[in-house]
Amino acid sequence: MLRFALRRLALMVPVLVGLSILLFAWVRALPGDPARALLGQRATPEGIARVNEVYGFNEPIVQQYLKYVQALLGGDFGRSIKTGQPVLDSFVEKFPGTVELGVTALLLAVVIGVPMGYYAARHQGRFLDTFIVSGSLLGVVTPVFFLAILLKLVFANWLDLLPTSLRQDPRIDATHITNFYVLDGLLTREYDAAWDALVHLVLPSVALATIPLAIIVRITRAAVAEVLNEDYVRTAESKGLAGHVVSRRHVLRNALLPVVTTIGLQAGLLLSGAVLTETVFAWNGIGKFLFEAIGQRDYPVLQGYILFIAIIYALINLVVDMAYGVIDPRVRVS
Amino acid sequence: MTIPLPPSGAGTDPLLTTADDAPGVSLWRAAWRRLRRNPTAIVGAVIVAAFILVALLAPLLTPYEPGSARWSGQVTPTSVPGPSPEHLLGLDRFGSDLFTQLVYGARQSLVYGVVATAIGLTAGTALGTLAGGAASVGGRIGGWVDNAVMRLVDIMLSVPSLLLAVSIAAVLGQNPYAVMIAIGVAQVPIFARLLRGSMLSQGRSDYVLAAEALGLRKRRIVMGHVLPNSLGPTVVQATLNLAVAIIEVAALSFLGLGQPDPAVAEWGRMLVAAQDRFEAAPQLALLPGGAIAITALGFTLFGEALREALDPRSRR
């Protein structure tokens, strides 16, 4: 397993090197000279000279790239044009918000989606199955940001039940250690702060969960339906095993393989969806940060963001592949 | 925002496995027959056809121009006029006719979705053919080409598709082509990988062996037999990707990277504008959002039915 992980990590290297070259070329590809593009409308001759100095735009291009990589390896993802803050610092500060939101959404999707898919497969063609299948189709085609707006309208504006922006009520003077607000509240025993953070999580995480939920339902249903047709399930049933033993040991265990892969694939969807969801709900995570960077054409932030996301994305996929090995012994052997 | 759609159920629909697949009927013709009898396909096709008709006939459906804001005097911060005899669905937030905006919005979605998907399909098919063909022909050069292309694809896949589109659109700046190119390019790796995979699996078929035994040249087998037989999944994916592209066009608008011209009606931007008149006029958000969802639903249903119809497993 360790060797497998190391090999996969080694395979990440060429991809990340390629991506870094593209990202480097990317800021180069901006129209006009890079210093002017970076400064935008605030470009003054002195400003351009300073940016050229700081970013080394006067040096040969290969040397510039090497410098860029050297900086990256040292953890320097560049600085925001707008605030001058190191990009990596902003990520470290805001990433917990996105993780809190994404993990909650994924948990919702899995906890609701797997049983629903399983139920639908077991009762194919019945009313509830049709209902679940149509519902999941609707979930797939509804844009995340549209759903987010709808939830906001219904639960906040009309029913006035749930908060629609921020991660916590700013009037609560909560202590933050980890920047995972719910966890912080529990750790510091400020239970009202934890509760408030949890309430703030409800609408954004539901919005973000819908597409993964719909996909998980569909995959689970398809996988269970396929396994139910297998000979070994019939054998297990005909030798008189109790229904729940067959379900758990034969059906679910085999059907879960594609489901786990799917759950891993949702990471990309969650990271993209987070940009939209966080924007609608003013959720302070890296998605909203990206949105603001787009608005201000803050290229170093965009550049750093893409690389950061690629690394996170690759690591998540690595973990998923390893989980696959744990569940499916055949993967371990080959 | 790539939405991988798994086949629902396990190809067990009895409607699709009836006996019309007489020997000698080509795969595409048999698929067409199955498609015509599949209710899902028909619902999807009707939605898609309605969408295309509305987009094409927009000027005939409404007497007004899009984005005119002619009645902006009637819109106040607390109220947006609702349906009236002159305005079927009322006005939008800027004082244009809402129905006109919706109808012309379909035009934008169609053009953007189709052009973006065409870019992705063309470039992706070219890359996929290159890689799959090179791998099938084999040899040191073939392997090398295949490897080079697939590493490029890996790099593109290392960033989630919507974020890839966002970063490309951000470099290209705000113009209509930027959106199409960005979403199209973000689709390239999906098509490339799919086509290469299906070419490799076709390469192991008996008919390829037979062609080899007949002494056909490898390049001719790959281009003349393997490639045409591998295109099915790519066509299905293109249909499904139209749905994704239409949603992503709206998403880019939502993020402020879309069509910059305010006179052009666009569903995503209508949603953005609706947000601050929410309570007064929820229809401003519901209608464009619903339009996006229904259109995406049409392409998705049709694409899935097409996949089922083309699946050789449903042809017994």
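The values are calculated or read from the model by the stated rules, or taken from the named source; none is laboratory data. These numbers were taken from a predicted model, which means no experiment stands behind them. Every residue, glycine among them, receives a Cβ derived from its backbone with ideal geometry; neighbour counts consider all protein chains shown. Areas reflect the complete protein model, heavy atoms only, side chains present, ligands, DNA and RNA absent. Shrake-Rupley method; radii C 1.70, N 1.55, O 1.52, S 1.80 Å.
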For B:Lys218, counting only aspartates and glutamates whose alpha-carbon sits under 19 Å away and dropping same-chain residues fewer than eight positions off, the answer is B:Asp146, B:Asp206
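Answer rounded, prolate or oblate for the protein assembly as shown, using the Cα gyration tensor with square roots of eigenvalues a ≥ b ≥ c: rounded when a/c is under 1.5, else prolate when a/b is larger than b/c, else oblate.
On the way: a/c = 1.31, a/b = 1.19, b/c = 1.10.
Rounded, because the longest to shortest axis ratio a/c is under 1.5.
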For chain B the mean separation of alpha carbon contacts under 8 Å (6+ apart) over residue count, i.e. relative contact order in percent, is 28 percent
Those trypsin sites (Lys or Arg not before Pro) from the stretch A:173-272 that are DSSP loop and have at most 13 other Cβ neighbours within 10 Å turn out to be A:Arg189, A:Lys239
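Per DSSP H run of at least 4 residues, take -39500 (n - 2.57); add these up for chain A, divide by its residues and hand me the 222 nm value, nearest 500 deg cm²/dmol.
The per-residue figure over chain A is -24500 deg cm²/dmol.
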Once phi for every residue in the stretch B:49-57 is put through the Karplus expression 6.51 cos²θ - 1.76 cosθ + 1.60 (θ = phi - 60°), the whole-Hz ³J(HN,Hα) values, with Gly and Pro written as x, are 5, 4, 4, 5, 4, 4, 5, 6, 8
Taking max minus min of the Cα coordinates of chain B on each principal axis, largest first, gives extents in Å of 78, 48, 31
For A:Thr44 and B:Arg204, extending 7 Å from Cα along the Cα-Cβ vector and measuring point to point gives, in nm, a value of 6.7 nm
Partner shielding of A:267-279, taken as the mean number of other chain Cβ atoms within 10 Å, equals 5
Cross-link reach from A:Lys94 to lysines, straight Cα distance under 28 Å and at least 8 residues apart if same chain, gives A:Lys67, A:Lys82, A:Lys152, A:Lys288
PRE zone check, label point 7 Å out along Cα-to-Cβ of A:Ser165, amide N under 20 Å, scope the stretch A:278-317, hits A:278-296
FRET efficiency for B:Arg36 and A:Leu138 from the Cβ-Cβ distance with R0 = 25 Å, rounded to 0.05, comes out at 0.50
Using a 1.4 Å probe on heavy atoms of the protein chains only, the accessible area for A:Val280 in Å², nearest 10, reads 10 Å²
Taking only protein heavy atoms and a 1.4 Å probe, the highest-to-lowest accessible-area order of B:Trp28, A:Trp195 is A:Trp195, B:Trp28
